[in-house]
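Here, each number is a calculation from the coordinates, and none is a lab measurement. Just so it is clear, the model here is predicted, and its values are computed rather than measured. Here the Cβ positions follow ideal geometry from the backbone for every residue, glycine too, while neighbour counts run over all protein chains shown.
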Amino acid sequence: MIDIAEQLGIEVPRDLQAEQAVLGAIIASPSPAAYETVSDMLQGGEFDNEAHARIYRAMKQLAAEGQPIDMVTLTSQLQDTDELVKIGSVTYLAQLVGGVVSTDNVGYYAERVQEMFLRRETISTSLELLKNAAQEQDVKGFVAMAEAAVGKLSDQTAPVKEFVKIRDVALRVWDEAEQRYNAREINRGITGIESGYPDLDRMTAGFQRNDLIIVAARPSVGKTAFALNIAQNVGIRGKVTVAIFSLEMSSAQLVQRMVCAEAQIDASRMRTGYFEGDDWEKMSMAIGDISEADIFIDDTPGITVNEIRAKCRRLKKEAGLGMILIDYLQLIQGSGRRGANRQEEVSQISRTLKQIARELEVPVIALSQLSRGVEQRQDKRPMMSDLRESGAIEQDADIVSFLYRDDYYDKESDKKNIIEIIIAKQRNGPVGTVELVFMKQFNKFVSLDRTYSTTPEPPEPESKGSRVPDMYRKGNTA
């Protein structure tokens with residue numbers, strides 16, 4: 001691609017003198033200090049001159065073997081690999097050393113070499129995308145490819161993270177512990193974002209920043225309703241900004257579910273329009289509360305993980321961001337890399353979601369499907385091995401939780417409408433089970449109160465409908 005750039009009259013960025021200065025300083029340095037200064041920045045592929053790249057690779061090999069890097073060892077290493085003649089023999093190595101004025105500036109020259117490399121990479125990426133734009137038939141595939149290419153460039157330009165002295169971290173841990181202690185009566189031991197379910201919050205201490213949380217279940221168990229309830233509790237009552245990515249349902253369908261849960265209106269009446277009693281009044285109040293919340297919904301079907309990252313970055317910059325909810329993981333499109341199977345794509349997606357959580361410092365809740373293997377066992381409670389398509393999900397997640405309803409499989413179960421939230425993995429906390437009541441007709445989860453019946457009252461018989469009261473007609477909902 002660089003050859004094409006030159007044919008098009010584009011001046012290709014390169015600085016051969018900076019490359020020579022880096023190599024000469026490493027050879028001339030009486031200690032490994034010069035090589036250690038540049039080893040984090042340069043891997044070898046950054047050198048535009050092939051001879052320079054060969055020399056640096058030989059230096060890396062010597063360093064890996066614990067040998068000094070000087071004229072004697074370097075010459076020997078290049079001879080052993082039959083590359084000494086290809087780089088210009090010992091004469092060229094001597095020229096590199098002879099051109100060194102000082103080894104103190106080796107870091108500056110290494111940064112210069114890296115900068116030129118990144119510029120060339122940008123040109124190559126742009127030309128490759130231009131070529132694919134003209135040839136690629138699948139537009140969505142091309143867009144995914146472009147996002148992956150830009151993401152790779154972004155990662156390459158990220159600054160190297162330096163060591164942090166343990167004393168500084170320990171003092172920060174002390175300060176945070178002191179803050180939690182002083183606020184213990186107010187926060188009740190909850191240090192993260194409250195889900196709205198006290199038993200669950202006690203087990204997790206709330207949803208923590210930087211965490212990837214997986215909520216997995218078989219279809220129709222209630223995972224979407226559960227996640228939406230959490231989003232409502234966090235957004236409406238917690239006053240936290242929530243981003244929802246719905247890949248399966250439209251934004252209107254999601255909000256309809258949220259209204260039913262908030263207003264406790266039977267979902268069948270919402271769906272059919274056979275409203276009764278004070279349904280209109282309850283719906284008006286619920287819509288008012290929901291409308292005031294900082295909840296943002298994106299219902300783009302087939303969205304890519306890089307699009308999710310870009311949109312969340314913008315949202316955090318424009319409106320702040322406290323939590324991300326994704327329904328659901330297996331519907332996210334991968335990077336579009338040719339030859340990748342779905343398991344590799346899901347692995348890449350889960351890793352990127354974890355990176356998003358850390359980068360934006362928010363909890364990311366991703367819903368996940370379970371494999372059919374759970375149906376073949378006598379005990380239907382999900383296990384880690386049931387996570388669909390990729391073991392990387394288990395590895396990347398900070399919390400893995402499963403939803404299980406006994407009455408989903410056993411219609412005669414005495415645990416009607418009871419759903420188990422099984423915390424199967426928690427990187428920084430205990431595992432265990434929390435029970436909630438699932439009021440299915442409202443798409444709503446509530447905490448289990450054992451002093452009352454856990455079986456909700458059946459809805460009243462549907463009437464032939466009710467007239468929309470004038471005060472609730474469109475344009476007059478205040």
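Listed values, structure above:
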| item | result |
| --- | --- |
| Coil-residue trypsin sites (Lys or Arg not before Pro) of region 225-287, DSSP, other Cβ within 10 Å capped at 15 | Lys239 |
| Residue order, fewest to most beta carbons within 10 Å, for Ser102, Ser76 | Ser102, Ser76 |
| Globularity ratio of region 193-472, using Cα Rg and 2.2 N^0.38 Å | 1.02 |
| Spin-label model distance (nm) - Ala177 vs Gln253, 7 Å beyond Cα toward Cβ | 4.9 |
| Spin-label proximity, Arg184 to region 191-212 - amide N less than 14 Å from point 7 Å beyond Cα toward beta carbon | 191 |
| Theoretical gain in end-to-end length, Val85 to Arg313 [0.36 nm per residue, Cα-Cα removed] | 77.0 nm |
| Whole-number Å³ per residue for the convex hull built on Cα positions in region 2-135 | 124 |
| Asn341-Tyr409 pseudo-label distance in nm [points 7 Å out on the Cα-to-Cβ vector] | 2.8 |
| Sparse-neighbour loop sites [trypsin sites (Lys or Arg not before Pro); region 171-227; at most 14 other C-beta within 10 Å; DSSP] | Arg188 |
